[in-house]
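Read the structure below first, then the notes.
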Amino acid sequence: MQAAIAWSYDLLSVEQQALFRRLTVFAGSGSLEAAESVAVRDGDPGIDGLEELFSLANNSLLHLEQSGDADARFTFLQTTREFGLEQLAASGELAEMRQRHAEWCVQLADEAWSAFATRIDQSAWLDRTELEHDNMRAAIAWLDQSGDCVSALYLCGRLFWFWYVRGRLSEGRRWLERGLERAIGAPDAVRARGLLGLAILAHWQGDDARAIPCLEESLELSRRIGDDWGAAFAIGVLGIVAEDAGNFDRAFHLQMEALGLAQSLGDRSNAALIRTHLGVIAWGLGDLDQAILQWQEALETQREMGDAWGASFSLSYLGLASCTHGLFAQAKAYLSESLSVRWTMRTQEEIAHGIANFAVLAASSGQHAVAARLFGAAEAERDAIGLKLQEPERSAYDRAIDAARVGLSRETFATCWIAGGALGVEHAVAEALAMRIESPGRGDSRTDSAGPATLTPRELEVLGLLVLGRTDREIATALFVSPRTAHGHVANIFAKLGVSTRTAAATTAIAAGVVVPPS
């Protein structure tokens, strides 16, 4: 294999050889834009990045995956990449190209951070960062190994939100712990952000003994350098730590302080998220009416700002409140929208909670076997990412689990729970979204769904293609969206129509006259 690769390499022009070996600093894959940015230096004679890339592909030294010029990416076989790295080291360019690659990763992470902090286009940037995560890992490792530990910590501080949202708690925590340990003399701003990230990941792993000192030091550093945004964020997370521990009075005072700072900065997205947590605190203190007012106000701002991630929290809590009031159709609508957003964005922690919230709905509406099954699935997802349950959700879930235990025999409850644990997150989400609502105490399966009239224009488009028998991937192609987005639309349609199959959705749509049957 090595001989074949060397033979192909020797057939290349000098310029093509240079581009090939330089591109092997990318881990996993890379975009055409990144290839030109990293591997083509100013003053390089005769290298046309795009033209040479296609030549390398024609010589089977790399593979181009192309879905439009903007999305085209190159990949290497592992043996080909190893050969290229050997050639890069022999040319004396390895350190330079590693550094250029790391600088490109830092620049990309800076752009991503702006989206994470404001939650504008956050979903797109989460997907982009996911695509480049192997490159980010390689960049952090290079910066660390080369002794530039401050830059390594800086990059980690830009990525912690991605690690949190996408459920990479343990990996992110390892990088941040190492960065904080090794980046001696890091600027206060870099250290404060790293401490904030480590605290968030540690807290959601249930390690507040590590999280709280990190938050307190991050807050002190932020105040010292006049970073009000960092201070507001650290205070808000301290409030969440108190909230999750059931210390609601302390949580309230901290969140009110954080809210004042966010409002003074004009940071409406984070102010709305703080209001969501003020609602959780009111719920924990037993004032559900006040909680609902806070969640509704937060949701209004989140919808206005286009903050789907933040809205998923407000919707989730409004769904749980509706369960408490026996408004099961309303609860299903809230929870369906929340979980669909979370599934589309792949926010792992919130997906686990979203499944558990549907389990609460099932238990509240008398579907004890479904509740036990979904609680088992939610626990498996939490265990997979190392997530610990916190208050007041933990108490709400415990009450629903107790109700399911009472409604089932011990053997049936255990069987359903185990089956849910083996279900897999994708099937658990689909099962939750397709759940039918029953009245408590009744054995019939009375459907109580939102109905065809509540479908959005986009969902009607998707439904029309679904009636024609199109798959999720075919729907995505027709509407110029990702397959994941198409899947989310289909799941929403199932939830609103109260069905669990494509055939049933098509039949319901045709019967209701919302789409024209195919000729």
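Normalising the average separation of contacting C-alpha pairs (under 8 angstrom, six or more residues apart) by the number of residues puts the relative contact order of the chain at 9 percent. Sorting 21, 399 on solvent-accessible area from highest to lowest, probe radius 1.4 Å, gives 399, 21.
Think of the chain as having a plus end and a minus end, set by charges on the Cβ of Lys, Arg, Asp and Glu; of 54, 113, 13, 113 sits farthest toward the positive end of this dipole. Between 145, 179, 418, the Cα set farthest toward the positive side of the dipole of the chain (charges on each charged residue's Cβ, about the Cα centre) is that of 418. Here the chain is assigned +1 on the Cβ of each Lys and Arg and -1 on the Cβ of each Asp and Glu. Its dipole about the Cα centre then comes out at about 1360 debye. Residues in the range 351-366 carry Karplus couplings, in order, of 4, 4, 5, x, 5, 5, 4, 5, 5, 4, 4, 4, 5, 5, 9, x Hz; the curve used is 6.51 cos²θ - 1.76 cosθ + 1.60 with θ = phi - 60°, and Gly or Pro positions show x. Accessible area per residue (1.4 Å probe, heavy atoms of protein chains only) ranks 496, 332 as 496, 332, with the largest value leading. Normalising the average separation of contacting C-alpha pairs (under 8 angstrom, six or more residues apart) by the number of residues puts the relative contact order of the range 82-236 at 16 percent. Normalised by 2.2 N^0.38 Å, where N is the number of residues, the C-alpha radius of gyration of the chain stands at 1.08.
Classify the range 365-424 from the C-alpha gyration tensor, please: rounded if a/c falls under 1.5, else prolate or oblate depending on whether a/b exceeds b/c. Cα axes put the range 365-424 in the oblate bin. Once all protein chains are placed together, residue 409 keeps about 50 Å² accessible to a 1.4 angstrom probe.
With point charges of +1 on the Cβ of Lys and Arg and -1 on the Cβ of Asp and Glu, referenced to the Cα centre of the chain, which listed residue (501, 135, 77) lies farthest in the positive direction of the dipole? Value computed over the given set: 501. In this label model, residue 256 and residue 33 are separated by 4.6 nm, measuring between points 7 Å along each Cα→Cβ vector. Using only alpha-carbon positions in the range 238-310, the gyration tensor eigenvalues give semi-axes of 20, 15, 9 Å once each is multiplied by 5 and square-rooted (largest first). For the range 58-154, rounded, prolate or oblate, judged on the Cα gyration tensor with a ≥ b ≥ c (square roots of eigenvalues), a/c < 1.5 rounded, else prolate if a/b > b/c? In terms of gyration-tensor shape, oblate. For residue 416, the accessible surface of its heavy atoms amounts to roughly 30 Å² (probe 1.4 Å, protein chains only, rounded to the nearest 10). Extending 7 Å from Cα along the Cβ direction at residue 13 and again at residue 103 yields two label points whose distance is 2.6 nm. When the square roots of the Cα gyration tensor eigenvalues are ordered a ≥ b ≥ c, the ratio a/c for the range 100-228 is under 1.5, which makes its shape rounded. Taking only the C-alpha atoms of the range 245-380, the Rg (one decimal) and the largest Cα-Cα distance, Dmax (whole number), read 15.0, 49 Å. Taking amide hydrogens as placed 1.01 Å from N in the peptide plane, the amide H of residue 30 sits under 5 Å from those of 74, each at least 5 positions away in sequence or on another chain. Excluding ligands, DNA and RNA, the accessible surface per residue across the range 282-440 is 37 Å² with a 1.4 Å probe.
The values are calculated or read from the model by the stated rules, or taken from the named source; none is laboratory data. None of these values were measured; they are calculated from a predicted model. Note that each Cβ is placed from the backbone with ideal geometry, even for glycine, and that neighbours are counted across all protein chains shown. The protein model used for the area step is the full one, side chains on, heavy atoms only, and it has no ligands, DNA or RNA in it. Shrake-Rupley method; radii C 1.70, N 1.55, O 1.52, S 1.80 Å.
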